[in-house]
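Q: Take this structure first; my questions come after.
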């Protein structure tokens, strides 16, 4: 496939920060791109060859967009799958496939997939609506605490709640959902798998994720994870199993729990570049965005080893601030060794909105983590 400096066009559904960082790699290799996003202010609009404003969930809009590209990929999974199925039937290359996206888009279907394919995950029950949960509780079939998840459209901690009382059930939105057994875990891990259409697969090192206690958002990603080698190998093998069973093409970020009994349980997956892989831009031989390109274009996959220890800090909007964004103390952070800020180009901030990230690299992991803490405490994402 002649993709370099040619009329070949890579289509990308979604124009957010993941797409923007992916476009850094397409421009490096002179690959023509066409991007669609519902927002006229999407971060991708400044870096692609052609930008289309359109509804990612509308059948006709996605179908028309896909007809004009050679390979179609995504940077967000909430897209119209029926349109992708039609494009595939017409011979269009779509990665990840419509079948994979259909499995992943609905968290209940996703959990059932794990159960049916022997992939370790926490016990769960699916419900057509949240009102059924209260009925199950009154019948004595549930005990607190447990985790409630909306089946559709959850993202960055949205659509996930830990329920501890009957009052928590009453407050739930009445949507298709599932509940999971509360997992008493030691830490949350993630492994990014890359797989191309030829079946070649590689994994990145296991990373460790530290979460904000209130927003249920990742605050820090630490690579490599501070876990024993045998646990890391178990996590990588589990991630490879998920990608293989799904026959996934592209990047697949597999999020997992490490339990107190050293079991690995798959929480959920994302079929695209992922927040847990941002550290790779500075710390890896092949960053996750280049790797996604290599995978969907059926190229040889790149070296996933790290050059240095890496810690990623998410920059999110401060509580109490909504409006035009301003970044405080950026110059102080730029004086720190091994520190690289990435701003996503979003002009408006709001509490806990992802506005950017900062990567810290060092030969010494503990030193990188210490600097990351300083960065987190210094940079403030506020409104003007």
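The values are calculated or read from the model by the stated rules, or taken from the named source; none is laboratory data. None of the values given here were measured: they were computed from a predicted structure. Cβ placement follows ideal geometry from the backbone for every residue including glycine, while neighbour counts extend to all protein chains displayed.
Q: Any idea which of 258, 315, 252 is touching a residue at least 12 places away in the same chain (Cβ under 8 Å), farther than 30 Å from residue 384 by Cα, under 16 Å from the mean Cα position of the chain (by Cα) and not in a loop (DSSP other than H, G, I, E, B)? Even if it seems obvious, please write down each step before you answer.
A: Working: 258 fails: under 16 Å from the mean Cα position of the chain (by Cα); 315 fails: farther than 30 Å from residue 384 by Cα.
None of the other options fit; the residue is 252.
Q: Taking region 15-41 as the search range and keeping residues that are in a helix (DSSP H, G or I) and more than 11 Å from residue 344 (Cα to Cα), which one is nearest to the chain's Cα centre (by Cα)? Steps first, answer last, please.
A: Going through region 15-41, the residues in a helix (DSSP H, G or I) turn out to be 17-28.
Next cut, more than 11 Å from residue 344 (Cα to Cα) only: 22-28.
Details: 22: 13, 23: 17, 24: 18, 25: 18, 26: 20, 27: 22, 28: 23 Å.
Here the residue is 22.
Q: Take residue 163 and decide whether it is assigned by TED's automatic domain parsing to the domain that holds residue 351 and either in contact with a helix residue (DSSP H, G or I) (Cβ under 8 Å, 6 or more places away or on another chain) or free of Cβ contacts under 8 Å to residues at least 60 places away in the same chain (or both). Give the derivation first.
A: Details: assigned by TED's automatic domain parsing to the domain that holds residue 351: no; either in contact with a helix residue (DSSP H, G or I) (Cβ under 8 Å, 6 or more places away or on another chain) or free of Cβ contacts under 8 Å to residues at least 60 places away in the same chain (or both): yes.
Against the criterion (assigned by TED's automatic domain parsing to the domain that holds residue 351 and either in contact with a helix residue (DSSP H, G or I) (Cβ under 8 Å, 6 or more places away or on another chain) or free of Cβ contacts under 8 Å to residues at least 60 places away in the same chain (or both)), residue 163 does not qualify.
Q: Out of 198, 129, 150, which single residue is touching a residue at least 24 places away in the same chain (Cβ under 8 Å) and within 19 Å of the chain's Cα centre (by Cα)?
A: On the way: 198 fails: within 19 Å of the chain's Cα centre (by Cα); 129 fails: within 19 Å of the chain's Cα centre (by Cα).
Going through 198, 129, 150 in turn, the sole match is 150.
Q: Please determine whether any residue of region 224-231 is under 27 Å from residue 73 (Cα atoms), assigned by TED's automatic domain parsing to the domain that holds residue 309 and touching a helix residue (DSSP H, G or I) at 6+ places or on another chain (Cβ under 7 Å). Write out each step before concluding.
A: The initial filter retains those residues of region 224-231 that are under 27 Å from residue 73 (Cα atoms), namely none.
No, because not a single residue in region 224-231 is under 27 Å from residue 73 (Cα atoms), assigned by TED's automatic domain parsing to the domain that holds residue 309 and touching a helix residue (DSSP H, G or I) at 6+ places or on another chain (Cβ under 7 Å).
Q: A further question on this structure: Identify the single condition in (1) in a strand (DSSP E or B); (2) under 28 Å from residue 376 (Cα atoms); (3) at pLDDT 95 or above that residue 219 does not satisfy, given that it satisfies every other one.
A: Every listed condition holds for residue 219 apart from (3).
Q: Among the residues of region 47-57, how many are in contact with a helix residue (DSSP H, G or I) (Cβ under 8 Å, 6 or more places away or on another chain), outside any strand (DSSP E or B) and surrounded by fewer than 19 Cβ atoms within 10 Å (Cβ to Cβ)? Walk me through how you get there before you give the answer.
A: Here is the first cut: in region 47-57, the residues in contact with a helix residue (DSSP H, G or I) (Cβ under 8 Å, 6 or more places away or on another chain) are 47-48, 51-52, 54-56.
Pick out the ones that are also outside any strand (DSSP E or B) and you get 47-48, 54-56.
This time we only want the ones that are surrounded by fewer than 19 Cβ atoms within 10 Å (Cβ to Cβ), so: 54-55.
Matching residues across region 47-57 total 2.
Q: Shifting gears a bit: Among the residues that make up region 55-72, is at least one of them on the phi > 0 side of the Ramachandran plot and at pLDDT 95 or above?
A: At the first step, the residues of region 55-72 found to be on the phi > 0 side of the Ramachandran plot are none.
Within region 55-72, not a single residue is on the phi > 0 side of the Ramachandran plot and at pLDDT 95 or above.
Q: A further question follows. Here are some residues: 84, 189, 142. Which one is touching a residue at least 40 places away in the same chain (Cβ under 8 Å) and either part of a helix (DSSP H, G or I) or surrounded by 15 or more Cβ atoms within 10 Å (Cβ to Cβ) (or both)?
A: Working: 84 fails: touching a residue at least 40 places away in the same chain (Cβ under 8 Å); 142 fails: touching a residue at least 40 places away in the same chain (Cβ under 8 Å).
On inspection, the qualifying residue turns out to be 189.
Q: From the list 309, 243, 253, 270, pick out the single residue that is modelled with pLDDT of 95 or more, in contact with a strand residue (DSSP E or B) (Cβ under 9 Å, 6 or more places away or on another chain) and crowded, with 23+ Cβ neighbours inside 10 Å.
A: Numbers: 309 fails: crowded, with 23+ Cβ neighbours inside 10 Å; 253 fails: crowded, with 23+ Cβ neighbours inside 10 Å; 270 fails: crowded, with 23+ Cβ neighbours inside 10 Å.
After ruling out the rest, the residue left standing is 243.
Q: Same structure, new question: Somewhere in region 118-127, is a residue at pLDDT 95 or above, assigned to a helix (DSSP H, G or I) and touching a strand residue (DSSP E or B) at 6+ places or on another chain (Cβ under 7 Å)?
A: No: region 118-127 contains no residue that is at pLDDT 95 or above, assigned to a helix (DSSP H, G or I) and touching a strand residue (DSSP E or B) at 6+ places or on another chain (Cβ under 7 Å).
Q: Would a scan of region 337-351 turn up a residue that is in the same structural domain as residue 213 (by TED's automatic domain parsing), out of contact with any helix residue (DSSP H, G or I) (no Cβ under 7 Å at 6 or more places or on another chain), assigned to a helix (DSSP H, G or I) and closer than 21 Å to residue 217 by Cβ?
A: There is no residue in region 337-351 that is in the same structural domain as residue 213 (by TED's automatic domain parsing), out of contact with any helix residue (DSSP H, G or I) (no Cβ under 7 Å at 6 or more places or on another chain), assigned to a helix (DSSP H, G or I) and closer than 21 Å to residue 217 by Cβ.
Q: Name the single residue that is surrounded by the most Cβ atoms within 10 Å (Cβ to Cβ) among those in region 357-384 being closer than 13 Å to residue 318 by Cβ and free of Cβ contacts under 8 Å to residues at least 60 places away in the same chain.
A: First pass over region 357-384, keeping only residues closer than 13 Å to residue 318 by Cβ: 376-384.
Remaining after also requiring free of Cβ contacts under 8 Å to residues at least 60 places away in the same chain: 377-378.
Working: 377: 9, 378: 14.
So, considering only residues that are closer than 13 Å to residue 318 by Cβ and free of Cβ contacts under 8 Å to residues at least 60 places away in the same chain, the one surrounded by the most Cβ atoms within 10 Å (Cβ to Cβ) is 378.
Q: Those residues that are closer than 21 Å to residue 32 by Cβ and within 24 Å of the chain's Cα centre (by Cα), I need them from region 85-95; list them, please.
A: Passing the criteria: 93, 94, 95.
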